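Colleague: Handing you this structure, nothing more for now.
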Amino acid sequence: MALAEYRRKRRFGVTPEPAGGKQRRSARRLVYVVQKHRASRLHYDFRLEWNGVLLSWAVPKGPSLDPAVKRLAMAVEDHPLEYATFEGVIPEGEYGGGTVMVWDRGTWTPDVPDVDAALRKGELKFTLHGRKLTGSWVLVRTRSAAPGGRAGWLLIKHRDAAVSTDDVTATEPRSVVSRRLLAEIAWHEGGNVEKAASGDPPGEIQKLIAEPRLVRQRRRGTRAVWHSSRPAQ
Ligand code: MN
């Protein structure tokens, strides 16, 4: 039911993304994941497990560790829990076509007693236990969804020991599960490498061009990472 919009937008015979429904909830703790997604535009998909799905927001500029910086987060359709391990290539022409990286992953805990009430009210305080993002954060709704539209929220870091003015999207550009750049994921999974590379820091791509042996080898059988069955280019 909650995944109706997610399923309506996708053709599961074509896209390697999960249809969902296999996993009802996490074993112990609530999953948190950020996926870097070079679709028609680069964005970061911020997802929190709640009520058996991943609540999802598209953050065009990605998260900031600076409490003075408020990042636009557009509410998007709920995703299945299985999506949290998805890293690969959505075929061009399909919904969200492009390269997806698991940019950060971990668990989260609500800082409020009633998450559903907080979501209705439009202010959710929570703590992240990720590899790149930790500490206290808030999502604040600034614009309700117009009919057929999406609600606008802001993702803001709270002041605590984890704040920084460094741009974490620039200093930590690689996958937390495979250590790959977007360009390497596209290369391994048969995607558009040039398009994917446009979402990586130019300095990282320059390093690979200067020293191609640094390109990460494709590894199969890594349980944490999904691999498509499509051959590498
Ligand atoms: Mn996306």
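Colleague: Convert 20 °C to kelvin, take the viscosity as 1.002 mPa s, use the Kirkwood radius over C-alpha pairs of the chain as Rh, and evaluate the Stokes-Einstein diffusion coefficient in µm²/s, rounded to a whole number.
Modeller: The Stokes-Einstein estimate is 118 µm²/s.
Colleague: Under 8 Å for C-alpha pairs, at least 6 residues apart: give me the relative contact order for the chain, rounded to a whole percent.
Modeller: Once divided by the residue count of the chain, the mean separation gives 19 percent.
Colleague: For region 80-203, which whole percent of the accessible surface, found with a 1.4 angstrom probe, sits on carbon and sulfur atoms?
Modeller: Details: 2660 of 5130 Å².
Carbon plus sulfur share of accessible area: 52 percent.
Colleague: Scan the chain and hand back the longest stretch that contains none of the chymotrypsin sites (Phe, Trp or Tyr not before Pro) lying in DSSP loops with at most 16 other Cβ atoms within 10 Å.
Modeller: 96-233
Colleague: At 1.4 Å probe radius, can you tell me the per residue accessible area of the chain in Å²?
Modeller: On the way: 11730 Å² over 233 residues.
For the chain, the per-residue accessible area is 50 Å².
Colleague: First check a/c for region 68-168, with a ≥ b ≥ c the square roots of the eigenvalues of its C-alpha gyration tensor; if it is under 1.5, answer rounded, and if not, answer prolate when a/b is larger than b/c or oblate otherwise.
Modeller: Cα axes put region 68-168 in the oblate bin.
Colleague: Follow-up. Quick one: 3J(HN,Hα) in Hz for region 98-112, Karplus 6.51/-1.76/1.60 with θ = phi - 60°, rounded, Gly and Pro as x.
Modeller: x, 9, 10, 10, 7, 7, 7, 8, x, 10, 9, 10, x, 9, 10
Colleague: A further question on this structure: Just to confirm the filter: which trypsin sites (Lys or Arg not before Pro) across region 155-187 are DSSP coil and have at most 13 other Cβ within 10 angstrom of their Cβ?
Modeller: R159, R179
The values are calculated or read from the model by the stated rules, or taken from the named source; none is laboratory data. All values reported here derive from a predicted model rather than from experimental measurement. FYI the Cβ positions are ideal-geometry reconstructions off the backbone, even for glycines, and counts take in every protein chain you see. Heavy atoms of the whole protein, side chains included, go into the accessibility calculation; ligands, DNA and RNA do not. Shrake-Rupley method; radii C 1.70, N 1.55, O 1.52, S 1.80 Å.
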